[in-house]
Every structure is written in C-alpha cells, then in structure tokens.
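Peer 1: Please find one structure pasted underneath; my questions will follow.
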Amino acid sequence: MRRPLLALLLLAAPPLAACGFEPLYADHSGAVMETDLAAVKILPIREHIGQLLQWQLQREFNPDGTAVPPRFALHVVLAIKGDFLAVEPNNVAPRGSISAAADMALTTLDEKTTLYRGKIQSIADYNIPTNPYSAQIGQAGAETRVIEDIGEQIAIRLATYFHNKSAAE
C-alpha cells in the first residue's frame, strides 16, 4: 500500500517543482522587499479614522521600527460610510454596517512618478443594542475591523508589487 503512494509522490514531485508556485507567506531571503516596504513614507490621512489607518500601515510596513530612509510616498484617500442594515417596524435598527473605500497611490518620493495605484474596499457589520454605550462600542469595533482589513490589503498589494519588481530585475 505504501509503495504505490511513494511512487506517486516521486512521479508528481518534478512537475510541481518546476511550476513556479511560490507560497505567499514562505520565508524568503528577500530582505529587499522588506526594506522597500519600510522605505515607504505614509503621507497624512485625514480625520481620526485616517490616523488609525496610518498607524496600522506603519505597523504593517515596518514592524520593528528600524530607521530606513524614505524612497517612496504612499497617498491614501479614505472614505467611510455608516448604514443601518435592518430596521424593525418600530424604527429601531438592530444592525449597522461600516463600509470604507481607500484610493491609494504609491509614488516616488518626489511625487513625479506613480508606481502603483489601487482601490480597496471593506465592510464590517455590527449589532446595535438598546444601550447607547454598547452601540458605540460595537460601531468602534466595526471601524477598527475595517481599518485593519484595509491596512492588511494595502500591505499585501505593495509587498506583491515590490516582490514582482525585484523578480523582474
């Protein structure tokens, strides 16, 4: 029983090794991509929720806080909207939704050349209980989830951009 399985694995290994598949979260010795991400200067994002996104991006791009001279600039315009999902007959809304859209552009530091441009959207729902404090906490939690999601998506897109750029060179 084990010999046919072993033979199948030995036959399948060479084609899989040449397919070019590379795991996204694999440990690469690509410190180039990490220093490129750390070299991104995040320009100020408007309003309090924009500051939260800016802090999230700083943690994503440079988690160690190492000093790297900036070579790129990241422009992010964030739009956030709150909606009520369900309204009961007595006009009480038991569910809410926070949706956010971020337009991003990675440029050179002198802002003359746009290197990458993208749009990211995220939505999070939350319960609206009758207690106002609990409702506020639920809404703040949904905003935090949306910001974390957008920050992770921006980091993944820029990491992919830098990886593809370094692979092409």
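The values are calculated or read from the model by the stated rules, or taken from the named source; none is laboratory data. In this text, all values refer to a predicted model and were calculated from it rather than measured experimentally. As a convention, Cβ positions derive from the backbone with ideal geometry for all residues, glycine included, and neighbour counts pool all protein chains shown.
Peer 1: If you take the residues in the range 55-83 that are crowded, with 18+ Cβ neighbours inside 10 Å and of a type in the set (S, T, N, Q), which one is farthest from His163 (Cα to Cα)?
Peer 2: Checking each candidate, the answer is Gln56.
Peer 1: Between Ala12, Ala7, Ala31, which is exposed (fewer than 15 other Cβ atoms within 10 Å of the Cβ), small (Gly, Ala, Ser), more than 30 Å from Arg145 (Cβ to Cβ) and modelled with pLDDT under 65?
Peer 2: Ala31
Peer 1: Residues of the range 36-50 being in contact (Cβ under 8 Å) with a residue 40 or more places away in the chain, surrounded by fewer than 20 Cβ atoms within 10 Å (Cβ to Cβ) and outside any helix (DSSP H, G or I), which ones?
Peer 2: Once the filter is applied, which keeps residues that are in contact (Cβ under 8 Å) with a residue 40 or more places away in the chain, surrounded by fewer than 20 Cβ atoms within 10 Å (Cβ to Cβ) and outside any helix (DSSP H, G or I), the range 36-50 yields only Lys41.
Peer 1: Exactly one of (1) surrounded by 12 or more Cβ atoms within 10 Å (Cβ to Cβ); (2) over 20 Å from the mean Cα position of the chain (by Cα); (3) at pLDDT 90 or above is unmet by Ala93. Its number?
Peer 2: So Ala93 meets the others, but not (3).
Peer 1: Moving on. Has the range 128-139 got at least one residue that is within 17 Å of the chain's Cα centre (by Cα), among the aliphatic types (A, V, I, L, M) and surrounded by 15 or more Cβ atoms within 10 Å (Cβ to Cβ)?
Peer 2: Taking every residue of the range 128-139 in turn, none turns out to be within 17 Å of the chain's Cα centre (by Cα), among the aliphatic types (A, V, I, L, M) and surrounded by 15 or more Cβ atoms within 10 Å (Cβ to Cβ).
Peer 1: Is it fair to say Thr144 is in a helix (DSSP H, G or I), modelled with pLDDT of 90 or more and among the polar types (S, T, N, Q)?
Peer 2: yes
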